[in-house]
Every structure is written in structure tokens, then in C-alpha cells.
1. May I ask for the angle, rounded to the nearest 10°, between helix 355-364 and the longest principal axis of the chain, with both axes built from Cα atoms and the value confined to 0 to 90°?
2. In square nanometres and to one decimal, what's the mean projected area of the convex hull around the Cα atoms of the stretch 71-303?
3. Could you work out which residue, out of Val177, Val95, Val270, moves most in a Gaussian network model of the chain, that is, has the largest mean-square fluctuation with Cα springs under 10 Å?
4. If packing is taken as the mean number of other Cβ atoms within 10 Å per residue, what is the order of 204-210, 367-373, 12-18, 391-397, highest first?
5. Name the shape class, rounded, prolate or oblate, that the alpha-carbon gyration tensor gives for the stretch 133-193, where a ≥ b ≥ c are the square roots of its eigenvalues, rounded holds for a/c under 1.5, and otherwise prolate holds if a/b is larger than b/c and oblate otherwise.
6. Where a ≥ b ≥ c are the square roots of the eigenvalues of the C-alpha gyration tensor, would you call the stretch 242-397 rounded, which needs a/c under 1.5, or, failing that, prolate if a/b is larger than b/c, or oblate?
7. In this model, which of Lys230/Lys360; Lys193/Lys312; Lys106/Lys193; Lys106/Lys312; Lys82/Lys360 are farther than 28 Å apart at the alpha-carbon?
8. Over the chain, what is the percentage of antiparallel beta bridges among all DSSP beta bridges, to the nearest 5?
Amino acid sequence: MTPLLTREDCLSADERDPLAMYRNRFDLPEGIIYLDGNSLGVLPRDAAARANRVIHQEWGTDLIGSWNTHRWFEMPVRIGEKISELIGGTGGACVATDTTSLNIFKTLGAALDIQSQDHPRRRVVVAERESFPTDLYMAEGMIRTLDSGYELRLIDDALTLDDALDDDVAVVLLTQVNYRTGRLWDMAATTSKIQAAGALVIWDLCHSIGAVPIALGSANVDFAVGCTYKYLNGGPGSPAFVWVADRHVNRARQPLSGWWGHQKPFEMTVRYEPSTGIRRYLTGTQPMISLATMEVGVDIALEVDQTALRTKSLELTSLFISLVEERIPHHPLTLITPRQDDERGSHVSLRHPEGFAVMKALIANGVIGDYREPEVLRFGITPLYLGYTDVWDAVEALRRVLDEELWRAPEFQIRGAVT
Ligand SMILES: *Cc1c(COP(=O)(O)O)cnc(C)c1O
């Protein structure tokens, strides 16, 4: 890409942008630049009408008949099929359900169930020390629930994945794009390395789905999970998903064996019998209103050309990095996101010793990013509704906050419950 270092250059890049029309599909508040779509995506314009229909017609008028007439019962699998298409899931099946945390527990339980049949001596779960903590907490919970003998092995700068893979490893749990640094794993190469070492892999796609092209089928992935309220714009607390390769679906049981995952839920039998197919990854009654509004975000994502999306995402993140380096060089900002395109997801993170106050001041000045410990300013660059000029203006606001030391104001030092 040729450097785009003036605001006028950014304005003309916006005019040429083949994805520019998608911004209109979302209801964005005036006067802010929203760089937090990797934490909570924005509101699709059609979501309110869809919610209204589910609430007034399906729930309010048609009531319990809606389980059949509006096919509520099939909704998790029907939307799961769309998500599977989005993540290149040929050779596997997907269901929209529960939260990523719960789905990590379910897939980890199923993967360990398979390994206990095939390789009972393998009792190590490998995960990343730097991963989003819930992934580690759920793995820890799973290990505590099982009979003794299982352990968690964490990879980090001192212990690489290559070093960690030995004959004891049963399952590896990795996040495709790291929530803090934005580092991107090579999914296909890493999957085949893990499988060559005799282990199964679970990919967490929370920070990649909707931002990075994904091809689970051609990468021969075993299991994947992810959420829909980040780059998919599914809404606060919208259901997550589970994807399982066909070769594993009917082989393993997941541990949260609730009635929605039963083969014949309405026969009300005493014994649990897992459903054939991906429905066995369901546990209990699912939130129909949230599923319906989430589908609106998924439908938009399905329309978008994934290659064009990735190109724009890389251009915007690299523009952000160049502008920070060119325009704010004299401040203690450290880039912790990889510069190399094939190692970067769709956000940019910078460390600053006063990161928390700097982010608060930036938000007060109309640029919404977020703060993550330790000292990390995180900027989610969602190519569907952001443009080149937005990036230019956001960096300009950051320059002002730092040059004019706006972050020193006392109100920017106070922390709320959610950072
Ligand atoms: C956002 C995120 C989660 C969120 O989990 P929930 O159960 O939906 O709260 C989990 N893992 C990763 C890697 C994430 O980025």
C-alpha cells in the first residue's frame, strides 16, 4: 500500500472503498469514532425490526405455538449453518448456543472423551498463558471436574508450542487472534503440527470471526468455538457457537448433557441419549430474541466479500500504525501488535504507562477504544463500518490527548466496574 499520510488522501481512499456502503447497514451514533467493535459490535439497522417481530408477533401473539410455527426449536442449528458457511466449515457442523466459556467446556470435554478412547495416556491440555482468561478458567474447571491425572500446560515466551507438544498432550486450545496483542496464528499450519503430534485442537475464534477469513474445513480443524457479539455485531450477550468436524460429532459426548441435546427431548425419558448430529452440543432452552437479533449481524457478514474485508482491515490497521509512528513519535507508546500483515488480526494495541487515563481521555474526546491490563490501549478496527478518515481522525485525537496531556485530569483516573 502507498502511504496514506494526509487527511485528504484518507478522504479519497474512502471514496474508492468497495465496502463503504456497509456503514449504512448500521445505526452508528453521531459524533463518535467507534474503535471497540472487537468487544461489542454495533447495532445493525434491521435488528430492532427483527426484535420487534419476535417480541410482538412470535412471542406476544403466537405464543407457545411459535416453537413449531416459527421454528424456534430449530433456530440454533439453522443459524449455526450460516455461521459454518462464514467460517469455511465444510466437513463439519455448527450450532449457535450458550456462551464461548460454556462452549469451551463442552468441546474440551468432548475432545478429552475422544482421546480417552484413543490415547488414554494423553492427559495434558495445552493452552496459552496470554489467552483471554476465561479460556484458561474453563480448562481449569474441566480438569478439576475430571478424575485426577489431567493437567494444564501453558505455553508462553519460555515454552513454545513446539516444545510443549509431546506424547502426553491430548488437546490444544488456542485463540486464533490474541485479544490483547492482536497476534494471529497460522491456523492451517498450526493445526497440522498439533495433529501430527497426536493431539486434537480447539480454536477459539472470538477475535477473528467477522474480521479474518477462516477456513476450518480446509485446515482440517477438530473443534472451534467463538462469540457473535464482537465483529459479527450480534448484540450484547448474543449466543456463541460450537463447530465440530463431522468425524468427531457422533463419537464424543459433551459433558453438559441437558435435555435440548437429547435425541428425543419430548419423550421425557429417564436416561440421557445424545442427539445424533450437532444438536448434542445444546444444553437447555435457548434465548430466542437474542438468537433472532444476532442472525441479522450474521446475514450482513455473509454478504461481505471476505477477501475485500481482509484487505481493508489490513490497510486500516497498518495506516493506524504508520500514523501513530509518524505523528506521535515523541511519546512513550509501544506497539505490541505485529507489523507483519500475516501475523495481525484486526486490532491495534499500544502500551502507554498511563494507558488507563489516556483511554478515558480519548473516550471523552469521542474516540471509543478500550483498555486492557497491563497498560494496553486497544483499538478495534472493524472494516465494515470504519473508513480511512476515521482512522486519521482517531490518531489525531490520540495525538491531542498526549500532546496536551488531557489524560492528567482527575476524572480520567477513576475506574468503573467494566474497563
Ligand atoms: C470475548 C472472548 C471470550 C468471551 O467469552 P464469553 O463466555 O462470551 O464471555 C472468550 N474467549 C475469548 C478469546 C474472547 O476474546
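1. Approximately 70 degrees, to the nearest ten.
2. On the way: hull surface 48.6 nm².
Over every viewing direction, the Cα hull of the stretch 71-303 projects on average to 12.1 nm².
3. Val270
4. So the order, starting with the most tightly packed, is 204-210, 391-397, 367-373, 12-18.
5. Judged from the Cα gyration tensor, the stretch 133-193 comes out oblate (a/c at least 1.5, b/c at or above a/b).
6. Working: a/c = 2.76, a/b = 2.44, b/c = 1.13.
It comes out prolate by the Cα gyration axes.
7. Lys193/Lys312; Lys106/Lys312; Lys82/Lys360
8. 55 percent
None of the figures in this text is laboratory data; all of them are computed from the coordinates on show. Quantities reported herein were computed from a predicted structural model and do not represent experimental measurements. Quick reminder, even Gly has a Cβ in these numbers, built from the backbone with ideal geometry, and neighbours come from all protein chains shown.
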